[in-house]
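A short worksheet on the structure shown next.
The values are calculated or read from the model by the stated rules, or taken from the named source; none is laboratory data. Please read all numbers here as calculations on a predicted model, not as lab measurements. Methodologically, a virtual Cβ is constructed for each residue, glycine included, from the backbone with ideal geometry; neighbour enumeration extends over all protein chains shown. Just the protein is used for accessible areas: all its heavy atoms, side chains included, with ligands, DNA and RNA removed. Shrake-Rupley method; radii C 1.70, N 1.55, O 1.52, S 1.80 Å.
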Amino acid sequence: MMEYNHILVRYGELALKGKNRTKFEQTLARNIRFALQGHPRTNVKRTFGRTLIELNGEPLEEVMEPLRHVFGISSFSPAMRASNDIEDIKETALQAFLHHDGDKQTFKVNARRSYKPFPISSQDVNPMIGSHILKNTEETFVDVHHPDVEINVEIREQGTYITCGRMEGAGGLPVGTAGSVMLMLSGGIDSPVAGYLSMKRGAELEAVHFHSPPYTNERARKKVEDLTKVLTTFGGPVTLHVVPFTELQKAIHSSIPSNYSMTIMRRMMLRITEKIASDRGVLALANGESLGQVASQTLESMYTINEVTNMPILRPLVTMDKQEVMDISERIGTYSISIRPYEDCCTIFLPSESVTRPRREKAARFEKGLDFQPYVEEAVANTEVLTFGGEPGETEKDMDSLL
Ligand code: ATP
Ligand code: MG
């Protein structure tokens, strides 16, 4: 008996032409190969405005699972391949219908003939397949308006692909088509979601985490590493930069008025993140701020903190409510890690009261009393670089070899 032996991947009607389109398709195919590394017999091909996965004996359900997370896919369907012989097409369509899971009392056949030398028009193919199915099944009916199953038949030069039903893909754009973003990753709920949403729009991710040993412990660090690993499942390797922040925090603590120490600490974080990003050729930063969520996330505060960089800062959560962020975080598998207890470097030296409307002039004046540049340089120099989801140092080569 015939089985589903392919998956047909659709990426929607993109307003992409020429070189951009090729890059998009190549990157998507590469990311699918990366997601399917656990299924080495699969073969990913770009063809006729779709991506085709040959299963070659790999289990369909297990291959579909990681596909759900690959950005740039609008939908996908298990498919059976037939030759361009009408008898073969009829029989394969019947088998595809029989193997389809779910309600299937009523159906509709939807043939598309892109291969013009095929001798029968699509209007004529539809009833030929329909009557073959009706003849070989019981209690099934054709319903062209609201069928339980839509049997799509794509007649291409390379062969005919038959699908029933479709799964929704993750949407967005393939990771790697939009350049790289440096995510400021804490151990909290918000920043991993901000990273996920940046990837959704095609950005490759690197992450920066500030820690303050011995005030923050190994558990806090492990948490951030685990979050980074989850993020790799959405688009490939992620490099994590772990910045030692203790000395700078101590310096802030001893020389900045306490109601401004949070603002100054954020400005320092941003300076260091910008330095790491520009050293890596990364053009934008991202964080998990949401407008008005906490004292440091007022517009006045963003205005004053943002002053120290002119790199764009993506804030994918800026208009979201906490509940919306939590819902995404549960869905993507970061929530259970984010809620593990840990010490955050930001909370350690900080006073309970911070200004909610910090001013640029004041922040700059206070910073004059602290010779911070050597601290910033020292922190950057001692940053530890770890890569997850690929061999350390070989990330690019690995991804390129999947193109
Ligand atoms: P999150 O849930 O992401 O920790 P939050 O609601 O706790 O966010 P803040 O503590 O104000 O908010 O942090 C705002 C943003 O600053 C975070 O979303 C993150 O992008 C960045 N950030 C905070 N702490 C760190 C850290 N230790 N390392 C790297 N980035 C950090
Ligand atoms: Mg936090």
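Report, by residue number, each residue of the stretch 88-110 that is part of a helix (DSSP H, G or I) and not hydroxyl-bearing (Ser, Thr, Tyr). Break it down stepwise before answering.
Restricting attention to the stretch 88-110, the residues satisfying the condition of being part of a helix (DSSP H, G or I) are 88-99.
Within the stretch 88-110, Asp88, Ile89, Lys90, Glu91, Ala93, Leu94, Gln95, Ala96, Phe97, Leu98, His99 meet the criteria.
Counting just the residues of the stretch 296-314 that are assigned to a loop (DSSP other than H, G, I, E, B) and in contact with a helix residue (DSSP H, G or I) (Cβ under 7 Å, 6 or more places away or on another chain), which one comes out farthest from ligand 1 (Cβ to nearest atom)? Full working, then the answer.
Taking the stretch 296-314 first, the residues assigned to a loop (DSSP other than H, G, I, E, B) are 298, 307-312.
Add one more test, that the residue is in contact with a helix residue (DSSP H, G or I) (Cβ under 7 Å, 6 or more places away or on another chain), and what stays is 307-309, 311.
Working: Glu307: 16, Val308: 14, Thr309: 13, Met311: 14 Å.
Filtering the stretch 296-314 for residues that are assigned to a loop (DSSP other than H, G, I, E, B) and in contact with a helix residue (DSSP H, G or I) (Cβ under 7 Å, 6 or more places away or on another chain), the one farthest from ligand 1 (Cβ to nearest atom) comes out as Glu307.
Mind telling me which of the residues Val208, Val238, Val230 ends up being within 16 Å of ligand 1 (Cβ to nearest atom), among the β-branched types (Val, Ile, Thr) and within 22 Å of Ile305 (Cβ to Cβ)?
Testing whether each residue is within 16 Å of ligand 1 (Cβ to nearest atom), among the β-branched types (Val, Ile, Thr) and within 22 Å of Ile305 (Cβ to Cβ) leaves just Val208.
Where the second residue is among the acidic types (Asp, Glu) and surrounded by 19 or more Cβ atoms within 10 Å (Cβ to Cβ) and the first is in a loop (DSSP other than H, G, I, E, B) and lies in the stretch 63-87, which pairs have Cβ atoms under 8 Å and are six or more apart or on separate chains?
Once the first residue is in a loop (DSSP other than H, G, I, E, B) and sits in the stretch 63-87, no partner that is among the acidic types (Asp, Glu) and surrounded by 19 or more Cβ atoms within 10 Å (Cβ to Cβ) comes close enough.
Residue by residue through the stretch 335-350, note down the ones that are more than 10 Å from ligand 1 (Cβ to nearest atom) and open to solvent by less than 40 Å² (accessible area, probe 1.4 Å).
Scanning the stretch 335-350 gives Ile337, Phe349.
Do you know which of the residues in the stretch 255-295 that are in a loop (DSSP other than H, G, I, E, B) and buried (at least 20 other Cβ atoms within 10 Å of the Cβ) is farthest from the chain's Cα centre (by Cα)? Lay out the reasoning, then the answer.
The first filter runs over the stretch 255-295 and keeps only residues in a loop (DSSP other than H, G, I, E, B), leaving 256-257, 280-283, 287-294.
Retained after the next criterion (residues that are buried (at least 20 other Cβ atoms within 10 Å of the Cβ)): 256, 282, 287-290.
On the way: Ile256: 39, Val282: 18, Asn287: 15, Gly288: 16, Glu289: 19, Ser290: 20 Å.
Checking each candidate, the answer is Ile256.
Quick check on the stretch 36-44. Is at least one of its residues out of contact with any Ser or Thr (no Cβ under 8 Å at 6 or more places or on another chain), closer than 25 Å to Val153 by Cα and outside the structural domain of Lys229 (by the TED database)? If you could, list the steps in order and put the result at the bottom.
First, pick out the residues of the stretch 36-44 that are out of contact with any Ser or Thr (no Cβ under 8 Å at 6 or more places or on another chain): 37-43.
Still in the running and closer than 25 Å to Val153 by Cα: 42-43.
Cutting the leftovers down to outside the structural domain of Lys229 (by the TED database) gives us 42-43.
Yes: one or more hits.
Counting only residues that are under 22 Å from Glu274 (Cβ atoms) and of a type in the set (S, T, N, Q), give me the strands (runs of 3 or more DSSP E) lying completely in the stretch 118-207 with at least 1 of them. Please lay out each step first, then the result.
Details: elements: 149-156, 159-164, 180-184.
Output list reads 180-184.
Condition check: part of a loop (DSSP other than H, G, I, E, B), on the phi < 0 side of the Ramachandran plot and out of contact with any Leu (no Cβ under 6 Å at 6 or more places or on another chain). Does Glu58 satisfy that?
Spelling it out, Glu58 is indeed part of a loop (DSSP other than H, G, I, E, B), on the phi < 0 side of the Ramachandran plot and out of contact with any Leu (no Cβ under 6 Å at 6 or more places or on another chain).
For residues that are within 14 Å of ligand 2 (Cβ to nearest atom) and in contact with an Asp or Glu (Cβ under 9 Å, 6 or more places away or on another chain), scanning just the stretch 336-347, find the one that is modelled with the lowest pLDDT. Explain how you work it out, then say what you get.
As a first pass, look at the stretch 336-347 and keep what is within 14 Å of ligand 2 (Cβ to nearest atom): 337-347.
Within this subset, residues satisfying the condition of being in contact with an Asp or Glu (Cβ under 9 Å, 6 or more places away or on another chain) are 337-338, 340.
Values: Ile337: 97, Ser338: 97, Arg340: 93.
Per the stated criteria, the residue is Arg340.
Hey, any hits in the stretch 362-376 for a residue that's assigned by the TED database to the domain that holds Asp279, within 16 Å of ligand 2 (Cβ to nearest atom), among the small types (Gly, Ala, Ser) and over 26 Å from the mean Cα position of the chain (by Cα)? Full working, then the answer.
Our first condition is that a residue be assigned by the TED database to the domain that holds Asp279; within the stretch 362-376, this holds for 362-376.
Keeping just the survivors that are within 16 Å of ligand 2 (Cβ to nearest atom) gives none.
Checked the stretch 362-376: no residue is assigned by the TED database to the domain that holds Asp279, within 16 Å of ligand 2 (Cβ to nearest atom), among the small types (Gly, Ala, Ser) and over 26 Å from the mean Cα position of the chain (by Cα).
Based on this model, can you work out whether Val318 counts as within 16 Å of ligand 1 (Cβ to nearest atom), within 30 Å of Glu204 (Cβ to Cβ) and open to solvent by less than 40 Å² (accessible area, probe 1.4 Å)?
So Val318 fails the test.
Would you mention how many residues in the stretch 176-206 are within 14 Å of ligand 2 (Cβ to nearest atom) and either open to solvent by 10 Å² or more (accessible area, probe 1.4 Å) or of a type outside the set (Val, Ile, Thr) (or both)? Outline the logic, then answer.
As a first pass, look at the stretch 176-206 and keep what is within 14 Å of ligand 2 (Cβ to nearest atom): 183-195.
Now narrow it down to the ones that are either open to solvent by 10 Å² or more (accessible area, probe 1.4 Å) or of a type outside the set (Val, Ile, Thr) (or both): 183-192, 194-195.
Counting residues in the stretch 176-206 that are within 14 Å of ligand 2 (Cβ to nearest atom) and either open to solvent by 10 Å² or more (accessible area, probe 1.4 Å) or of a type outside the set (Val, Ile, Thr) (or both) gives 12.
What tally of residues in the stretch 28-55 results from selecting those that are part of a loop (DSSP other than H, G, I, E, B), open to solvent by 10 Å² or more (accessible area, probe 1.4 Å), touching a residue at least 24 places away in the same chain (Cβ under 8 Å) and on the phi < 0 side of the Ramachandran plot?
Restricting attention to the stretch 28-55, the residues satisfying the condition of being part of a loop (DSSP other than H, G, I, E, B) are 36-42, 48-49, 55.
Cutting the leftovers down to open to solvent by 10 Å² or more (accessible area, probe 1.4 Å) gives us 37-42, 48-49.
Those left that are additionally touching a residue at least 24 places away in the same chain (Cβ under 8 Å): 38-39, 48.
Still in the list and also on the phi < 0 side of the Ramachandran plot: 38-39.
Residues meeting the conditions: 2.
Right, Thr356: touching an Asp or Glu at 6+ places or on another chain (Cβ under 8 Å), among the hydroxyl-bearing types (Ser, Thr, Tyr), more than 16 Å from ligand 2 (Cβ to nearest atom) and touching a residue at least 60 places away in the same chain (Cβ under 8 Å) or not? It would help to see each step written out before you state the result.
Numbers: touching an Asp or Glu at 6+ places or on another chain (Cβ under 8 Å): yes; among the hydroxyl-bearing types (Ser, Thr, Tyr): yes; more than 16 Å from ligand 2 (Cβ to nearest atom): yes; touching a residue at least 60 places away in the same chain (Cβ under 8 Å): yes.
Taking the combined requirement at face value, the residue satisfies it.
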